[in-house]
Amino acid sequence: MAISKKSGKKGAVAVAKPVKKSAGQQFVKADWKEGFKKKQTGVSDMTLLTTISNESVNENLQKRWLNGEIYTYIGAVLISVNPFRDLGIYTRDVLDSYKGKNRLEMPPHVFAIAESAYYNMKAYKDNQCVIITGESGAGKTEAAKQIMQYIAAVSGTGADTEGSRIGEIKEMVLATNPLLESFGCAKTLRNNNSSRHGKYLEIMFNERGEPIGAQITNYLLEKNRVVGQIDNERDFHIFYQFTKGATDAQREMFGLQGPEAYVYTSRSNCLDVQGINDVNDFADTLKAMGVIGLSAAEQTDILRVLAMILWLGNVQFQEMDDGNSKVSDTGVTDFIGYLMEVEGAAVEKVLVSKIVETQRGGRRGSVYEVPLNPAQASSGRDALAKALYNNLFEWIVKRVNVSLAPQTSYTQLIGVLDIYGFEIFEDNSFEQLCINYVNEKLQQIFIELTLKTEQEEYVREQIKWTPIKYFNNKIVCDLIEERRPPGIFAALNDACATAHADPAAADQSFVQRLSSLSSNPHFETRGEKFLIRHYAGDVMYNVQGMTDKNKDQLVKDILDLIDKSSNKFLHTLFPDRPDPNSKKRPPTAGDRIKASAGALVENLMRAQPSYIRTIKPNQNRSSSEYDVKAVLHQIKYLGLQENIRVRRAGFAYRNTFEKVVERFYLLSKATSYAGDYIWQGDAKSGCEKILTDTGIAKDEWQMGTTKAFIKNPETLFALETMRDRYWHNMAARIQRAWRNYWRYKNECARRIQRFWRNNKEAIVYAQARDYANQVLAGRKERRRMSILGSRKFLGDYLGAESGDSLGLKQPAGIAPGETVVFSCRAEVLISKFGRTSKLSPRFIVLTGKAVYLLMAVARDGQAVVAVDRKLPIVTLRSISMSNLRDDWFALNGPISEEGDPLMTCVFKTEFAADLVKISNGSINVLIGPTIEYNQKKDKKRVIKFVKDENSRGDPYKSQTVSVTSGEPPNSVARPMPKRKPGQVRPITSGKLLRAGGPSTKSSSAPKPKPQALPGQSAPPATVKPVIPAAVKSTAGTAASKRHSMAPPPPPPPPVSAPAAPEVPMYKALFDFSGQEGEMSMKKGDLVQVEEKDDNGWWLVKLNGKEGWAPSNYLELLRLYRSQPRFQPHRSPRLPLLRQLMEVRR
């Protein structure tokens, strides 16, 4: 079995004690008493008892029970003593405190068993089961409920669309408790909520440990309780809930009255139970039905069947003069017929008579209608009621399983077995035989797994230990279930087969056949009774009625009545009809319980079990009375003393070498390297190496032939803690490398952003300048300043879009969404009659809709900006310029009174380019020796441009502009001038940061080659991290190189060379503060490089010490001759760190 659990908190880790092994060598032994520091009464784990005896066990349990501590361990087995009161130990806070804790970190509790089962299922991928045993009233059902509550609380909640389904499964699993308790539990003399059936619940989980489905298996419902109980006991809870809590509509529909009105519920004179509220419980039952998924129609059908059973019990028979029976009140049978949807007369006939058919030679003979006497009629009535309830219960279980069925495949499961306890009554019949037989089978499993199998395994594995004697109850199980030689069930079936008609004759035949079992020391016959010496005590069974109960069949007349019913739900409850022509004997009740017990044992043996042994402290359900004698008897038959001896002499954990290596190989340097398994020996030697390197004392473990055995669970918890720490350390390293990677990446990004901010505007301006050159198309001479590399086409020179300090947008009437593309100062040529034309200053503002010409005017003694002209873009046809280097241009638009503006502007090329771009090329750029424009509405003018090397400033005179020579029209703009190169500073933010990698490949020491884990054909695939695309290629190269390395050769012996080689020395350029395994350096330190790794980290030597340092911090200085040196073996931790760094790259 896999007893393992990780430690919950670092502070709870067992304190290590040094134990001397040999001179100069120490091992760490786990302190297994660490978990019991909390002050407790008695001992919480009875393997620590000084004296091992039944009396000392009883005394320890009594001390703890009287102190309110009802749970005690025997190793991994939990002993629970029913407190018969609420101790407040099942609250949500208590539940949360057990999450993620191993067994020794917290006091004994049922939550600890549930946590261990859930953890082992997730960690070891094994099915788990919790087997709860004990006598009736010991607290088995409550323990099962708390286990289910804990698993529902700690299991996953799912993700995306699965989350809602997982939540539904949890709710439905918990809803099965009130539902099945109502239909399967009853008040008995020993227990107010006694389970009168067995239940095995299997919760199914996906690979993430989330519940995705469940299945319930029902065992042997005590259906005889439906029709009769002893004094001060009750029928099943549902009958009292239904009769007390039904609504008025339900009472009207089913003719329902109180429980005192029905024979089946009032016969035992116990209608109410202290501590049970039947009305509230009925509401909980109906709510549970809704959660499970039962429709309103299905709930009504269930209540209808319950009403049928209640009214059947009220059918009374009276004896007529001829000895036959008749129904005392036919009104009752008529109402039953209404409920069953058949004729009332048909119900009456079936209850007082039966059809008998004779056969001769295999052929059908005569058919007779045989009247029944009152006793026979009552027996038939009760048989129908029991069959209805038993089939109804089985239908509910099947319907629950349909709702709980997993919709996807499951990986593991946890089973919880809640089954009736061992029973010894004054009158024990067939029901007690079946119940005690199943308990014998469960005891056999406990013996097989904890006593017999364990000791046989020690012998087989050649483990040194002290054998323990114990009682094996297999002889009792064989007495009941064997077929050859025939056991009790076989003899009972033979008696049923040979005596068909008369039950009394069949019982006598059974008594005769029991005489063949007298040789068994655990069996005695005593007239009409027989005695079986069970593991829990001697039980005397009454033979009377056993054969009839074993047949468990309805007469053909009753089945025919159900077939005639119009109620489809009744047909669903009785789907199978025995074939009268079949020669095969139908299975008996004994056959069914035997098959069910066998299937249960098979399911339990396939899972790793956890045990809860419940004990009942007294028969009076008192919270203060401890019956020492009764508890001592339970201690003896539960075998607690033998269990303690086996636990103290044995080993808490064992597993195959392959499994141990697979789980813990990371804990040894010899078996793991950078998360890979590198051990080249066999699994046994690897397992031994791991246990030795972890410092576990030799007396804490032994090596068998195929398995490793660990004595104390505390040692296993210590191994799990070390393994957990390993992953935490690796996660911390990866996090540190990842954070440093992001620092490096962010610093690179900041440098790129800084460079981009410094250059993006120049790039945009250069693109605008290139577009302007394309607009001119080599047709105009250029000014030298226009083609300089530093010339930037800024566009909005006046800042109209950014701040508008001159206040241009408001006077121009530019709308808020209208963007200013270009703005600058210009001069417009103004012509007046009889005067010389002169230039007048203007502001040019270009938007996506119009060209605005604004001017400064005086208004009230202040200069303000006013609109001179607005030229919509759509009205402009062209812009005219000369082919010389001047700054003149004209905007040609439609004929108007103002004419076309003729202007001079130093940014005319940029303005023309922006104008063409805004108009999508619809405005032509006209370049020639003259500029033609409309001076007035009907007056055209032509301006000539002539070259004059003596002119200055492109003067205008008499429609002529004199211009000096410029750059050729085909001149190309100069490139952007290069910035002055600055000093490149290394990135020093982060201790593990380094450059993107050396430009030249350098050889590195070979690394260990990963090996396949034992039992696997290939090394486990490494989970590749998500690496940014910019660094993926580099990381991939490094990873592939790392995995292609050969195993490291052994360290070379020291050699004496006549001449020492020349070793380069390197100078530290910057200060470097190293972590563990790294070399701290000061600027100017001289170091010797021992090894150059291709990932940018070099192994250096400084002052006789070695460590790793970033290569870009070092500069080659000079060579000198050194002495030969010995290459020591290095720890694999440093290359692991370098491997993690490669992910960063």
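The values are calculated or read from the model by the stated rules, or taken from the named source; none is laboratory data. Nothing here was measured: the structure is a model prediction, and the numbers come from that model. Here the Cβ positions follow ideal geometry from the backbone for every residue, glycine too, while neighbour counts run over all protein chains shown.
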Take Arg654 and decide whether it is buried (at least 21 other Cβ atoms within 10 Å of the Cβ), within 41 Å of the chain's Cα centre (by Cα) and modelled with pLDDT of 85 or more.
no
Can you spot a residue in the stretch 221-241 that is among the basic types (Lys, Arg), touching a strand residue (DSSP E or B) at 6+ places or on another chain (Cβ under 9 Å) and in a loop (DSSP other than H, G, I, E, B)?
yes
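Residue by residue, here is whether (1) within 26 Å of Ala385 (Cβ to Cβ); (2) over 51 Å from the mean Cα position of the chain (by Cα) holds:
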site: Pro485; (1), (2): no, yes
site: Ala491; (1), (2): no, yes
site: Asp494; (1), (2): no, yes
site: Gly527; (1), (2): no, yes
site: Phe530; (1), (2): no, yes
site: Asp538; (1), (2): no, no
site: Thr572; (1), (2): yes, no
Run Ser610 past the list (1) among the polar types (S, T, N, Q); (2) out of contact with any Lys or Arg (no Cβ under 9 Å at 6 or more places or on another chain); (3) assigned to a loop (DSSP other than H, G, I, E, B) and report the number of the one that doesn't hold.
(3)
From the list Ser790, Ser805, exactly one residue is more than 30 Å from Thr930 (Cβ to Cβ) and without any contact (Cβ under 8 Å) to a residue 12 or more places away in the chain. Which is it?
Ser805
Can you pull out every residue in the stretch 936-958 that is under 28 Å from Leu798 (Cα atoms) and either among the aliphatic types (A, V, I, L, M) or in contact with a strand residue (DSSP E or B) (Cβ under 8 Å, 6 or more places away or on another chain) (or both)?
Asp954, Pro955, Tyr956
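Answer yes or no: is there a residue in the stretch 174-193 that is in a helix (DSSP H, G or I) and farther than 27 Å from Ile414 by Cβ.
no
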List the strands (runs of 3 or more DSSP E) inside the stretch 490-607, counting only whole elements, that have at least 1 residues being touching a residue at least 60 places away in the same chain (Cβ under 8 Å) and polar (S, T, N, Q).
537-542
Filtered residue count, the stretch 493-523, keeping only those that are within 22 Å of Gly537 (Cβ to Cβ) and touching a helix residue (DSSP H, G or I) at 6+ places or on another chain (Cβ under 9 Å):
6
Looking at the stretch 620-632, can you tell me whether even one residue there is in contact with a Leu (Cβ under 9 Å, 6 or more places away or on another chain), surrounded by fewer than 21 Cβ atoms within 10 Å (Cβ to Cβ) and at pLDDT below 90?
no
Does Tyr771 qualify as being within 21 Å of Arg842 (Cβ to Cβ), touching a residue at least 24 places away in the same chain (Cβ under 8 Å), surrounded by fewer than 19 Cβ atoms within 10 Å (Cβ to Cβ) and among the aromatic types (Phe, Trp, Tyr)?
no
Considering only the stretch 497-504, I want to know if a residue exists there that is of a type outside the set (Ser, Thr, Tyr), closer than 22 Å to Leu221 by Cα and at pLDDT below 85.
no
Val874 is checked against (1) in contact with a helix residue (DSSP H, G or I) (Cβ under 6 Å, 6 or more places away or on another chain); (2) assigned to a helix (DSSP H, G or I) and fails just one. What number does that condition carry?
(1)
Whether any residue in the stretch 415-425 is buried (at least 17 other Cβ atoms within 10 Å of the Cβ), closer than 19 Å to Thr572 by Cβ and touching a Leu at 6+ places or on another chain (Cβ under 7 Å) is what I want to check.
no
Please tell me if Arg757 is assigned to a helix (DSSP H, G or I), surrounded by 14 or more Cβ atoms within 10 Å (Cβ to Cβ) and either in contact with a strand residue (DSSP E or B) (Cβ under 8 Å, 6 or more places away or on another chain) or basic (Lys, Arg) (or both).
no
The listed residue being under 21 Å from Cys185 (Cα atoms) and either in contact with a Phe, Trp or Tyr (Cβ under 9 Å, 6 or more places away or on another chain) or surrounded by 23 or more Cβ atoms within 10 Å (Cβ to Cβ) (or both), out of Ile131, Ile113:
Ile131
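When the stretch 665-681 is examined, which residues are found to be at negative phi and either free of Cβ contacts under 8 Å to residues at least 24 places away in the same chain or among the small types (Gly, Ala, Ser) (or both)?
Selection gives Ser668, Ala670, Thr671, Ser672, Gly681.
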Restrict the check to the stretch 137-150 and report whether at least one residue is more than 30 Å from Arg196 (Cβ to Cβ), touching a residue at least 12 places away in the same chain (Cβ under 8 Å) and crowded, with 20+ Cβ neighbours inside 10 Å.
no
Can you tell me which residue is farthest from the chain's Cα centre (by Cα) among those in the stretch 661-672 that are surrounded by 21 or more Cβ atoms within 10 Å (Cβ to Cβ) and hydroxyl-bearing (Ser, Thr, Tyr)?
Thr671
The lone condition Ala246 fails out of (1) loosely packed, with under 15 Cβ neighbours inside 10 Å; (2) over 21 Å from Leu384 (Cα atoms); (3) aliphatic (A, V, I, L, M) is (1)
Could you tell me whether Gly545 is under 19 Å from Glu431 (Cα atoms) and of a type outside the set (Asp, Glu)?
yes
For the stretch 351-377, give me the residue count where each residue is basic (Lys, Arg) and either closer than 23 Å to Ile562 by Cα or modelled with pLDDT of 80 or more (or both).
1
Which listed residue, of Asn102, Asn67, is modelled with pLDDT under 95 and out of contact with any Phe, Trp or Tyr (no Cβ under 7 Å at 6 or more places or on another chain):
Asn67
Residues that are closer than 29 Å to Asn773 by Cβ, modelled with pLDDT of 85 or more and either not hydroxyl-bearing (Ser, Thr, Tyr) or not in a loop (DSSP other than H, G, I, E, B) (or both), drawn from the stretch 953-998
Asp954, Pro955, Tyr956, Thr960, Val961, Ser962, Val963, Gly966, Glu967, Pro968, Pro969, Asn970
Where a residue in the stretch 942-953 is under 16 Å from Leu902 (Cα atoms) and its partner, wherever it lies, is outside any strand (DSSP E or B), with Cβ under 8 Å and at least six apart
Val942/Gln959; Ile943/Gln959; Lys944/Pro929; Lys944/Gln959; Phe945/Asn883; Phe945/Leu884; Phe945/Asp886; Phe945/Pro929
In the stretch 811-851, the residues that are in a loop (DSSP other than H, G, I, E, B), free of Cβ contacts under 8 Å to residues at least 24 places away in the same chain and either of a type outside the set (A, V, I, L, M, F, W, C) or farther than 22 Å from Glu897 by Cβ (or both)
Ala815, Pro816, Gly817, Lys832, Gly834, Arg835, Thr836
Within the stretch 256-272, residues under 13 Å from Ile309 (Cα atoms) and crowded, with 16+ Cβ neighbours inside 10 Å come out as Leu256, Pro259, Tyr262, Tyr264, Thr265
